[in-house]
1. Among residues belonging to region 135-147 that are free of Cβ contacts under 8 Å to residues at least 40 places away in the same chain and surrounded by fewer than 17 Cβ atoms within 10 Å (Cβ to Cβ), point out the one that is nearest to Gly118 (Cα to Cα).
2. In region 18-40, which residues are of a type outside the set (Phe, Trp, Tyr), exposed (fewer than 14 other Cβ atoms within 10 Å of the Cβ) and more than 20 Å from Met1 (Cβ to Cβ)?
3. How many residues are acidic (Asp, Glu) and either free of Cβ contacts under 8 Å to residues at least 24 places away in the same chain or closer than 14 Å to Pro134 by Cα (or both) if we restrict to region 44-88?
4. Is it the case that some residue within region 90-98 is over 30 Å from Leu26 (Cβ atoms), in a helix (DSSP H, G or I) and of a type outside the set (Phe, Trp, Tyr)?
Amino acid sequence: MNLKTKIKNDLLTALKSQDRNRVEVLRYLLSQIKDQEIAQEREELSDEQVISLIRGQIKKLKEGLNFFQQAKRQDLIEKNQKEIEILSDYLPAEVSDEQLEKEVEKIISQNPNITQPGALIGICIKALKEKADPRRISQLVMKRLAK
């Protein structure tokens, strides 16, 4: 079962259990997936593309959290945090820092000719984006290059 199907099934479950927050978040997510598919001429999104879309949504919600905290809007802070929790359920589990360091080290050793940080970060993110947040990956690459 692909990720989009899982989201649809979870939406039906949330509708039956009358979980309004989850219904709202999943409907919005499915509409974003649909918009992306239309932009790609009705081509079904892969799980990787859906995960990327979810990560983008979480990033936007986290950015919104900062504004709500500055405005002292506790109601909106709680709403955003719940939405982040719901969306995070659909992301794959991230690997530990130690495992990620080993993977980054391996990729860097396989590409000894590349010395530019941006290029190495790009290669590592492309290879490891399924396993960890790109921000974590880039931080580890920069830390490794600083040694």
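The values are calculated or read from the model by the stated rules, or taken from the named source; none is laboratory data. None of these values were measured; they are calculated from a predicted model. Note that we place each Cβ from the backbone using ideal geometry, even for glycine, and neighbour counts take in every protein chain shown. When the accessible area is computed, the model is the full protein with side chains, heavy atoms only, and any ligands, DNA or RNA have been set aside. Shrake-Rupley method; radii C 1.70, N 1.55, O 1.52, S 1.80 Å.
1. The extreme case among them is Met142.
2. Gln18, Arg20, Asn21, Ser31, Asp35, Ile38, Ala39, Gln40
3. Total meeting the criteria: 5.
4. Keep residues of region 90-98 that are over 30 Å from Leu26 (Cβ atoms), which gives 97-98.
This time we only want the ones that are in a helix (DSSP H, G or I), so: 97-98.
Those left that are additionally of a type outside the set (Phe, Trp, Tyr): 97-98.
Scanning region 90-98 turns up at least one residue that is over 30 Å from Leu26 (Cβ atoms), in a helix (DSSP H, G or I) and of a type outside the set (Phe, Trp, Tyr).
A quick yes/no check of all residues on (1) within 16 Å of Ile7 (Cα to Cα); (2) under 16 Å from the mean Cα position of the chain (by Cα); (3) open to solvent by 100 Å² or more (accessible area, probe 1.4 Å):
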residue: Arg42; (1), (2), (3): no, no, yes
residue: Glu48; (1), (2), (3): yes, yes, no
residue: Leu53; (1), (2), (3): yes, yes, no
residue: Gln57; (1), (2), (3): yes, yes, no
residue: Leu61; (1), (2), (3): no, yes, no
residue: Lys72; (1), (2), (3): no, no, yes
residue: Leu76; (1), (2), (3): no, no, no
residue: Lys79; (1), (2), (3): no, no, no
residue: Glu83; (1), (2), (3): yes, yes, no
